[in-house]
Amino acid sequence: MAEVKRTPHPVTHGSGQEITNVAQEKEKNNTNLEAHKDVETTAQQPVYQIRPHLHEKFKPLSAKEIIHDVLFDQLAMKSYDAQAAAQWTKDIADAIEKRIKDLQFKRYKYIVNVVLGQQHGAGIKIGTRCIWDTEADTYAYDSFINDTIFCTAIVYAIYYY
């Protein structure tokens, strides 16, 4: 008879359980690495924006053109009428606000102030005080004068954080 040589194999008891534990550990490590990568990418992207980017900032010159156009269109052919003046100011403010919003500056809130009165040749002074961020918030204004009417419109653009 021929002799058969046996090579010893290491015997492991419960090897199915060990393989399952090793697979679970590898999966856990991969999950941890993926979670760590997600944390890194999240950390690189800002969660909120403190200041608008340069191209997103409110443009006062564009707003001034709009204010000028609206005032001229609404008041050029009118004479002062005390009864109608209150409605004119509301209409002018609404028209300016609508056209300013059409410029689509992101995250800005607007305040439109319109002062309209009868032109007698006397002067008027308008003062305003605001607490705001000088780097993000701004304003634009323009005036209209004819023989019977004076009107000043101011738009305040406040960046919403």
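The values are calculated or read from the model by the stated rules, or taken from the named source; none is laboratory data. Remember, it's a predicted structure, so these values are computed and weren't measured experimentally. Glycine also receives a Cβ, built like all others from the backbone with ideal geometry; neighbour counts cover every protein chain displayed. Quick note on the areas: whole protein, heavy atoms, side chains included, nothing else; ligands and nucleic acids left out. Shrake-Rupley method; radii C 1.70, N 1.55, O 1.52, S 1.80 Å.
Starting from the residue with the highest accessible area, list C130, C151 in decreasing order, probe 1.4 Å. Walk me through the intermediate numbers first.
Numbers: C130 70, C151 0 Å².
So the residues, ranked largest to smallest area, are C130, C151.
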Reported to the nearest 10 Å², H53 has, with a 1.4 Å probe, an accessible area equal to 100
Placing +1 on each Lys and Arg Cβ and -1 on each Asp and Glu Cβ in region 59-101, then taking the dipole about the Cα centre, the residue among A63, S79, A93 whose Cα reaches farthest towards the positive end is A63
Other residues with Cβ under 13 Å from the Cβ of T152 give, with Lys and Arg +1 and Asp and Glu -1, a net charge of +1
Taking the convex hull of the alpha-carbon atoms of region 60-159 and averaging its shadow over every direction gives an area in square nanometres of 6.5
Of the accessible area of region 60-159, computed with a 1.4 Å probe and all protein chains kept, carbon and sulfur make up a percent value of 50
Cα-Cα longer than 19 Å, checked against K64/K109; K101/K125; K57/K109; K78/K98; K59/K109; K78/K109, kept in input order, equals K101/K125; K78/K98; K78/K109
